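The values are calculated or read from the model by the stated rules, or taken from the named source; none is laboratory data. As the structure is a prediction and not an experimental result, all values here were calculated from the model. No Cβ is skipped: glycine too gets one built from the backbone with ideal geometry, and neighbour counts run over all protein chains shown.
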Amino acid sequence: MAQQQVARHTQWAILAVGLLSFTGILVETSLNVAFYTLTRQLSITLSTVQWLTSGYLLMVTIVMSTTAYLIQRFAAQSLFRFAVGMALIGATLCAAAPNFPILLLGRLAQAVATGIATPLMFYLIMALIPHRQLGTYMGLASMIISLAPALGPTYGGWLTSALSWRLIFVVILPVIGGVFPLGQKFIQLPAKPQHRRFDWSGLILLAGVLVGLSEAVENIGTLGWTSGSVLSWGGLFLAALLLLLWHIKTSNALLLNFRILRTPAVALWAIVFFSLQFANIGLSFLLPQFSQNVLHSSALTAGLMLLPGSILGGLMSPLAGHVYDRTGFRLPLLLSNTAILLSCLLFWGLTGWLGGVLITLLYMLFRFGFNFGFGNTMSDASLRVPGSAKGDLNSLFNTLQQYAGSMGTSVLSAILAANERGAGTPKAAAITAGSRQSFLLIAALGLLGIVLTLMVKSKKTV
């Protein structure tokens, strides 16, 4: 009976935007297993090529920070059409890229598309799905975008090993073209008339904070803590952060409504949400590098190691949403963070014994944990703000999600690079040491998630 309350055209609209988001995430995780090949073919370092992921996620973050305004200013169908156009341009540029700068430019165009499509999907769910089914539909949306990481490493590994990394982008072009008529027909949510001005100052300051921190972290790994570059980017980050805090305090028209973080539970869930995505994207970057550089696996084999865990995680998302709808937040979130803590402690303790089978099994445990908590964290946070602020929460959490992924890649890349700087240290040994440090860091995030979940009080629906 409850499912009949959701109109068929609403389900098709969510699917159309979800598939567009799917293509962006598919390419993101596909490229992780192609980095080893790209460093050789384009004659660039791992710290440079990782910008195809971290730079992409950084651009997605900046675009997502504008979606609370864009969703009010423009009809959902118009935003969808623009996102499809940018996705087509980006994929075409990447497929034909003669060098790294053009490849990165194409990735940034794709980032604009994903930065609009992903929060648009979650906004459609929040706006059109009844509260009784919110967890289930959030789980289904999470499953759609979780299937991309499930397929991405294998998809990218197979094309890179057997044919060419360029086909990663060519194959998705028909998919992008195919979702256009679907969204054009079924996405019908209009704009909300409002007189809110676009917060250009907030956007510039937020970009300064995000870029400054990302560049500082990246340069720490390659140049060390005391280099001029690290100090310069760190200075930009601190200056932009202070100005942004002042702007949040004094402005009435904010790009992102950080004031919803005054609700303690929302602030705690924002930290957990950030930690989950940091761990997810960071580990999906780390394991292929370990597999190819330490175990000397092919790109295809490295991708296949992650496939069972990603599929399991994707299938768990609807179940996790159902458990949330039945029991509330505490059980699924404790299961989630406990699985992350345990899996990464095992990765850390058994690093010297890691092989294909063990990596696959531990990654399955990790992805069970991630997907059991990811959608539910945002679902519970959305029930703690009034209806007028749900668009703001959607924009803020999706921004946090993407920046967490960017930082996960940047931080773990910096840890690997710092270990490789050691004089006379073989690359395989350096990556092994860096991987152990990274596993311990992600385990600590799992422990943090457990503590914060226990701190959150039972919700009151508003």
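All of V294, V272 fail the test of being of a type in the set (V, I, T), in contact with a helix residue (DSSP H, G or I) (Cβ under 9 Å, 6 or more places away or on another chain) and surrounded by fewer than 23 Cβ atoms within 10 Å (Cβ to Cβ), apart from V294. For first residues located in the range 245-271 and farther than 17 Å from K390 by Cβ, partners that are assigned to a helix (DSSP H, G or I) and at pLDDT 90 or above and lie 6+ apart or on another chain with Cβ distances below 7 Å form the pairs L268/L452; L268/M455; I271/L452.
Of the residues in the range 362-377, not one is in contact with a Lys or Arg (Cβ under 8 Å, 6 or more places away or on another chain), of a type in the set (G, A, S) and in a helix (DSSP H, G or I). Is it the case that L243 is part of a helix (DSSP H, G or I), buried (at least 18 other Cβ atoms within 10 Å of the Cβ) and hydrophobic (A, V, I, L, M, F, W, C)? Taking the combined requirement at face value, the residue does not satisfy it. If you go through the range 305-348 and pick out every residue that is farther than 26 Å from L26 by Cα and either among the polar types (S, T, N, Q) or part of a loop (DSSP other than H, G, I, E, B) (or both), you end up with 4. Among the residues of the range 378-391, those identified as assigned to a helix (DSSP H, G or I) and either at pLDDT 80 or above or polar (S, T, N, Q) (or both) are M378, S379, D380, A381, S382, S388.
So L242 ticks every box in (1) in the same structural domain as I204 (by TED's automatic domain parsing); (2) at pLDDT below 90 but one. Which box is left unticked? The number of the failed condition is (2).
A299 meets the conditions (1) farther than 26 Å from L341 by Cβ; (2) surrounded by fewer than 24 Cβ atoms within 10 Å (Cβ to Cβ) in every case but one. The failed one is (2). In the condition set (1) closer than 30 Å to G212 by Cα; (2) at pLDDT 90 or above; (3) aromatic (F, W, Y), Y403 is compliant with all but (2).
For the range 349-361, a residue qualifies if it is out of contact with any Ser or Thr (no Cβ under 8 Å at 6 or more places or on another chain) and either of a type in the set (S, T, Y) or in a helix (DSSP H, G or I) (or both), and the qualifying residues are G349, W353, V357, L358, T360, L361.
When we screen L163, L140 for residues that are over 20 Å from T61 (Cβ atoms), in the same structural domain as I14 (by TED's automatic domain parsing), modelled with pLDDT under 80 and surrounded by fewer than 23 Cβ atoms within 10 Å (Cβ to Cβ), the only hit is L140.
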